Structures are given as C-alpha cells and as structure tokens.
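Chemist: After the structure tokens below, expect a handful of questions from me.
The values are calculated or read from the model by the stated rules, or taken from the named source; none is laboratory data. Keep in mind the model is a prediction, meaning the values are calculated, not measured. FYI the Cβ positions are ideal-geometry reconstructions off the backbone, even for glycines, and counts take in every protein chain you see. Please note that ligands, DNA and RNA were not included when accessible areas were found on the heavy atoms of the full protein model with its side chains. Shrake-Rupley method; radii C 1.70, N 1.55, O 1.52, S 1.80 Å.
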Amino acid sequence: MLADIGLVAGLVLLIVLALRGVNILLAVLLSILLIGLTNQLALADVFLKFFPFGPSGAFSFAGNFLLLFLCGGLFGRVMAASHAAQGVAVGITERLGHHRALWIAMLVCAVLTYGGVVVFVVMFTMYPIGVTLMREANIPRRLYAAAIALGAGTFTMTALPGTPSIHNVIAARSLGTDLFAGGWYGLLAGVVMAVGGMWYLQWQWRRAQAQGEVYVANGKDEQMAALAPKEGTKLPGLLLSLTPIMVVLLTIMLPRMLSMAGVSAAWQDFANSQPVLWASFALLVGSLLCYVLFPSVRKDFVTSAGHGVDDAMLPLINTAAVIGFGGVVIQTEGFHAFAAWLLNLDISPLVSVLVSANLISGVTASASGGLQIFMSSLAPAYLEAGVSADVLHRLANLAAGGLDSLPHSGAVIALLTLMGLTHKEAYKDIFVVTVAIPLLAAVIAMLAALL
C-alpha cells in the first residue's frame with residue numbers, strides 16, 4: 001500500500017513542482033527520491049542505475065538520440081539565422097492575409113516541424129512574427145499560443161508519415177519499421193487534428209470578438225519583437241525559403257521512393273535500419289543547403305551551428321530527465337501490476353495500445369518519454385498478440401500525443417512562459433487542441449485499423 005501511495009505521490013509531486021516553475025530536472029530528482037524511498041528501492045540503484053542507465057534511462061535515451069537533437073537544433077538555427085523561417089512565415093502571410101493569422105501560425109509551425117525543426121526552436125521563431133500578427137489582427141494572446149501548439153505539437157509530431165520527429169524515430173527504431181509506417185492512419189488522424197483544432201480556434205476567436213476580448217501587449221512582446229528581422233531586411237522568397245525543408249523531407253523519402261520504383265542499393269538498407277542516423281543526415285543536408293542558398297548565414301555559420309547545439313541541449317536534457325523518471329517508475333511493483341492489468345484487459349489489443357500509451361505519456365507528461373517507455377516495456381507483448389508493427393508504430397505515436405500535454409508538460413510550460421501567460425489564462429485552449437482533439441483523432445484511427 002505504501003509503495004502504491006508513494007508512486008502516486010511521486011507523480012503528483014512532479015506535476016506540482018512543474019506547475020510552480022521548478023526546473024524539470026530538479027523536479028524529477030525529488031520525485032524519484034520519494035518513489036525510491038516509499039518503494040524500498042536502493043537509492044544507489046535509483047540514482048546511479050535506473051534513472052541514468054536503465055532501459056529507459058535518461059543517459060541511455062540521450063546517447064541514442066543526441067545526434068538527432070543536435071542536427072535538429074542546427075537546422076532550426078540556420079533556418080532562423082538565414083531568415084528562411086521568417087521567409088516562410090511572411091510568404092504565407094502575404095498569400096493568406098493577416099485576417100487569417102491563426103491559420104498562418106498553424107501552417108508555418110506545421111511546415112517547420114514537419115521539416116524537422118525542433119518544437120522549441122519553432123516557438124522562438126514564431127513568437128517575434130506573432131507579435132505583429134496579433135497586433136494587426138487583434139488576436140487574444142491565448143489563442144495565438146494555442147495555434148502555435150496546434151501546428152507544432154500535434155499532427156506533424158505524431159500523425160503525418162515521413163517526419164523526422166523524435167517520436168516517429170523512436171517507434172521506427174524500436175519496431176524496425178520506417179518513418180512512413182501506418183501512413184494512411186496517420187493522414188486520417190492528422191486531418192482530424194488540423195481541421196478540428198482550427199475549427200475550435202476560429203470559433204473561440206469569433207466568441208472573443210463578440211465579448212470584446214482583444215490583443216493586449218506585454219513586456220514579453222517588446223523583447224521578442226527585437227528578435228524579428230529589422231525593418232527593411234530583405235527576406236528570401238517563399239519558394240526559396242521552403243527549399244531546405246523540402247530537401248530534408250525528400251532525403252528521408254528517397255529510400256522508399258527508390259524501393260517503390262524497383263531500384264535497390266546497399267545504402268537503402270542502411271537508411272531503413274538506422275532511422276536516427278538517416279533522419280540526422282537529412283537534417284544535416286538541409287543545414288548545408290542553407291549555407292549554399294543564403295549568403296547571410298555564411299559569415300556566421302559556425303556561430304549559428306554553436307547556437308543550434310545550445311538550442312538542442314535544453315530540450316534533450318528535459319526530455320531525458322522525464323524519461324529517466326519513467327525509467328525509475330517501471331522498476332516498481334506498482335507499475336508492473338499496472339502493465340499486467342492493461343495487457344490482461346478483455347479488450348482488443350488496439351484499444352489496449354491506445355489506453356496504455358496514453359496513460360504512460362500522461363504520467364511522464366512527454367509524448368517522446370511515454371513512447372520510449374511504452375516501446376521498451378509493453379510493445380513486445382502487443383507484437384506477440386498479433387498487432388502489426390506498422391499499425392503499432394502509428395497508433396502508439398498517436399496515443400502518445402494525447403495526454404502528453406497535461407499541465408506539467410515541459411513544452412506547455414515553455415510556451416506559456418515564452419508568451420507571458422499563465423495556465424489559468426491559456427491552458428484551456430491548449431488542452432482542447434493538444435489533448436482533447438488528438439485523443440479523438442487517435443480513436444478514429446484506431447477504429448479504422450479495427451475495421
């Protein structure tokens with residue numbers, strides 16, 4: 001009984017500390033200390049074995065995915081330094097108009113994240129642009145924040161096939177699938193998330209206008225506006241700005257396209273068997289292409305590369321810390337009892353996948369963390385139960401992107417902090433577009449797979 005209470009208390013402590021803005025690594029360390037003491041785990045094992053080096057250990061995860069995070073951070077930084085990211089935003093704005101600012105925010109975030117730019121980099125790229133969009137379209141800050149969350153943290157993260165997102169790569173690496181596995185289910189769920197999320201945001205915007213709710217500037221806006229390209233800066237055109245992103249995606253798609261055309265080569269087997277290295281290579285190619293296409297980035301390319309490494313480290317450490325928390329949790333008897341209960345439920349294995357991946361991601365408040373734990377601890381049992389690896393790949397990804405965005409999520413806290421918002425002001429809208437609608441999309445994809 002004490003062990004189970006301690007397990008729940010450790011989770012509650014992590015949530016409370018995260019909501020209070022405590023550093024996530026410190027919050028995790030305090031939480032696993034509580035879990036270790038109440039579950040009678042040797043503290044040496046908790047801090048020197050399970051947390052850092054276990055199957056779902058923080059350093060185990062960081063070592064496996066360091067290169068992908070670094071290449072993603074590098075690509076995001078050179079896209080920003082070359083003004084290509086801003087070129088995408090401005091180009092789409094010119095074509096759609098400021099009155100479609102919420103669509104613009106979602107689409108630009110979606111293009112950037114689908115191309116491999118790290119979510120945290122997208123947030124920092126979009127906010128300076130968003131200050132102008134919010135002001136000119138008179139959009140309440142909370143809705144713009146939700147539009148960023150919708151575009152950067154939902155359908156491009158877990159649903160759309162081919163993306164070099166960490167979630168897609170985790171599943172491919174664990175199951176031996178490629179980044180396009182279960183693609184049709186992903187496309188179906190992606191449409192539900194994008195259309196449903198934008199319908200909700202447009203409805204909320206109309207309600208806000210009727211109630212007289214408007215854009216209100218704060219100190220954060222002035223700080224972030226200073227990071228936007230100076231007035232008069234010539235931005236690259238939309239097509240040129242999109243070129244590096246398209247090359248990243250085409251590089252990822254190339255092995256499958258050649259296989260479909262009947263062409264085979266030894267390097268294709270390497271690309272399919274090493275999704276981390278191949279996705280990292282694609283991002284590196286995109287970064288080098290930025291160097292070739294945009295003269296503005298050449299003189300400070302090494303500096304930008306260094307900043308890209310810095311951009312990657314905080315998300316990597318935060319994600320690894322949450323995964324390390326899960327690495328301690330899965331050593332407890334309570335977790336094993338919970339896993340056995342899930343696997344023995346008298347329901348379809350696909351329904352069980354949806355429930356279990358969601359709950360684990362909710363506990364860790366991280367889609368990547370929850371997915372990594374799910375793949376290492378539960379996925380083999382579902383494969384043995386007859387679930388196709390391709391279907392498991394996509395459905396587990398979709399499920400992991402549901403409860404991951406609870407209030408203690410590191411990405412949610414980072415977005416609210418960046419935009420100067422509180423949970424009370426903005427979390428309801430973020431919850432609808434990143435939790436409620438993705439859950440619905442995952443259920444629809446599961447039903448399609450069942451049929």
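Chemist: Where only protein heavy atoms count, and the probe is 1.4 Å, what is the accessible area per residue for the chain in Å²?
Modeler: Details: 18370 Å² over 451 residues.
Per residue, the chain has 41 Å² of solvent-accessible surface.
Chemist: Shifting gears a bit: What area, in nm² and to one decimal, does the C-alpha convex hull of the stretch 179-331 cast on average over all directions?
Modeler: Mean shadow area of the hull around the Cα atoms is 15.8 nm².
Chemist: What does the convex hull of the Cα atoms of the stretch 68-118 come to per residue, in Å³, rounded to a whole number?
Modeler: 56
Chemist: Normalised by the number of residues in the stretch 1-158, what is the relative contact order in percent for Cα pairs under 8 Å and 6+ residues apart? Could you put the intermediate results ahead of the total?
Modeler: Working: 134 pairs, mean separation 27.5, N = 158.
It comes to 17 percent, rounded to a whole number.
Chemist: In square nanometres, what is one fourth of the surface area of the convex hull spanned by the alpha carbons of the stretch 25-79?
Modeler: Details: hull surface 17.9 nm².
For the stretch 25-79, averaging the hull's shadow over all directions gives 4.5 nm².
Chemist: Here is a further query. Leaving out ligands, DNA and RNA, what percent of the accessible area of the stretch 316-432 is carbon and sulfur, probe 1.4 Å? It would help to have the intermediate numbers written out before the result.
Modeler: Values: 2390 of 3790 Å².
After summing per-atom areas, the C and S share lands at 63 percent.
Chemist: Sticking with this structure for a sec: Given Cα positions, please report Rg to Rh for the stretch 1-52, the hydrodynamic radius being the Kirkwood one. Before the final figure, lay out each step's value.
Modeler: Details: Rg = 10.8 Å, Rh = 11.0 Å.
Rg/Rh for the stretch 1-52 comes to 0.99.
Chemist: Choose one of F335, N397, I5: the residue whose Cα lies farthest towards the positive end of the charge dipole of the chain (beta-carbon charges +1 Lys, Arg; -1 Asp, Glu; about the Cα centre).
Modeler: Ranked along the dipole, the leading option is N397.
Chemist: Could you tell me which trypsin sites (Lys or Arg not before Pro) in the stretch 81-185 are loop residues by DSSP with no more than 12 other beta carbons within 10 angstrom of their beta carbon? Before the final figure, lay out each step's value.
Modeler: On the way: sites: R95, R100, R135, R141, R142, R173; in loops: none.
Listed in order of number, the matching sites amount to none.
Chemist: Also, quick follow-up: Using Cα pairs closer than 8 Å and at least 6 residues apart in sequence, work out the relative contact order for the chain, in percent.
Modeler: Rounded, it is 27 percent for the chain.
Chemist: What number, rounded to the nearest 500 deg cm²/dmol, is the helix-based mean residue ellipticity at 222 nm of the chain, given -39500 (n - 2.57) per DSSP H run of at least four residues and division by all its residues?
Modeler: Using -39500 (n - 2.57) per qualifying helix, the result is -24000 deg cm²/dmol.
Chemist: Expressed as a whole number of Å, what is the distance separating the alpha-carbon centroids of the stretch 383-451 and the stretch 53-85?
Modeler: 21
Chemist: Rounded, prolate or oblate: which one fits the stretch 248-352, using the alpha carbon gyration tensor with axes a ≥ b ≥ c (rounded when a/c is under 1.5, else prolate when a/b beats b/c, else oblate)? Kindly include the intermediate steps, with their values, before the conclusion.
Modeler: Details: a/c = 3.76, a/b = 1.50, b/c = 2.50.
Taking the square roots of the gyration eigenvalues as a ≥ b ≥ c, the stretch 248-352 is oblate.
Chemist: So, one more: For the stretch 109-213, take N as its residue count and report Rg(C-alpha) divided by 2.2 N^0.38 Å.
Modeler: 1.22
Chemist: Taking the Cα atoms of the stretch 329-430, what is the range of coordinates along each of the three principal axes, in descending order and whole Å?
Modeler: If we take the Cα atoms of the stretch 329-430, the spans are 48, 30, 21 Å.
Chemist: With no solvent and one equal point scatterer placed on each C-alpha of the chain, evaluate the Debye formula and give log10 I(q)/I(0) for q = 0.08, 0.09, 0.12 Å⁻¹, two decimals.
Modeler: The computed values of log10 I(q)/I(0) come out as -0.44, -0.56, -1.01.
Chemist: L254: accessible area at probe 1.4 Å, nearest 10 Å²?
Modeler: 70
Chemist: Does the stretch 292-357 come out rounded, prolate or oblate by the C-alpha gyration tensor, with a ≥ b ≥ c the root eigenvalues, rounded set by a/c under 1.5 and, if not, prolate when a/b is larger than b/c and oblate if not?
Modeler: oblate
Chemist: Accessible area, 1.4 Å probe, largest first: how do V214, V302 sort? All intermediate terms of the calculation are to be shown ahead of the outcome.
Modeler: On the way: V214 70, V302 120 Å².
Highest to lowest solvent-accessible surface, that is V302, V214.
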